[in-house]
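Below is one structure, written out as structure tokens; comments come after it.
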Amino acid sequence: MKWTLGVIVVLALALFGLFKYFQAETKSHSPEDTIAFIGNDMDIMVDYCRPYKKEREIFGALVPYGETWRTGANEATTFDTKTDLLIGGEVLPAGHYTLWTVPGPESWEIIWNSKDYPWGLGWGGKASREPEFDVLKISVPTETMDDIIEQFTIAINAQGMSLAWDRTKVFVPMEGA
């Protein structure tokens, strides 16, 4: 009995070690970042992982059009607001959300979801998002940029939030409600 318990403990520790190794290895290719903005009646923090382009075709290929994207790499991107926000004419209540997108060639759907997810993808390689937990969805137009953005970037300023990677950028107007 003691021998069996010892084997189980050693196996559990080995699996945990492997998980931590793969997690660290993955994050070295898409490092974590946190952005925060306080001002204009907004108090927002976004945690996400920032993949690199690495000469790949991004939107319509690596990130397929018309499919839910975890909006970064690794874990689902989180969006925290301490204040109610007015986004697309609707109020996003103060709270903790995961941020998802459905990219398209001319517009993106931006989705705030109330559920936390341990990883951004399920076993089948599809986004983990469960639509029944969606709190707010809006559509915003895409912009084609002249310069290439090598690393996926989320930025927030007094006018709203931008998401940019490769030659594509979307802007989500927002303000304190």
Kindly indicate which of 168, 153, 144 is outside any loop (DSSP other than H, G, I, E, B), touching a strand residue (DSSP E or B) at 6+ places or on another chain (Cβ under 6 Å), open to solvent by 70 Å² or more (accessible area, probe 1.4 Å) and not acidic (Asp, Glu). 144
Output for segment 105-130, where each listed residue is open to solvent by 40 Å² or more (accessible area, probe 1.4 Å) and either among the aromatic types (Phe, Trp, Tyr) or under 13 Å from residue 73 (Cα atoms) (or both): 118, 119, 121, 123, 125, 126
Which of (1) modelled with pLDDT of 95 or more; (2) open to solvent by 10 Å² or more (accessible area, probe 1.4 Å); (3) out of contact with any Asp or Glu (no Cβ under 7 Å at 6 or more places or on another chain) is the odd one out, the single condition residue 83 does not satisfy? (3)
Looking only at segment 86-103, filter to residues that are open to solvent by 10 Å² or more (accessible area, probe 1.4 Å) and hydrophobic (A, V, I, L, M, F, W, C); which one of those is nearest to residue 121 (Cα to Cα)? 102
Looking only at segment 62-114, count every residue that is part of a loop (DSSP other than H, G, I, E, B) and farther than 23 Å from residue 31 by Cα and tell me the total. 14
Pair list, Cβ under 6 Å, 6 or more apart: segment 27-49 residue under 11 Å from residue 80 (Cα atoms), other residue aromatic (Phe, Trp, Tyr): 44/37; 46/79
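The values are calculated or read from the model by the stated rules, or taken from the named source; none is laboratory data. Owing to the predicted nature of the structure, the values given are computational and were not obtained by experimental measurement. Positions of Cβ are generated from backbone atoms using ideal geometry, with glycine treated the same way; all protein chains shown enter the neighbour counts. These accessible areas exclude ligands, DNA and RNA; they are computed on the full protein's heavy atoms, side chains included. Shrake-Rupley method; radii C 1.70, N 1.55, O 1.52, S 1.80 Å.
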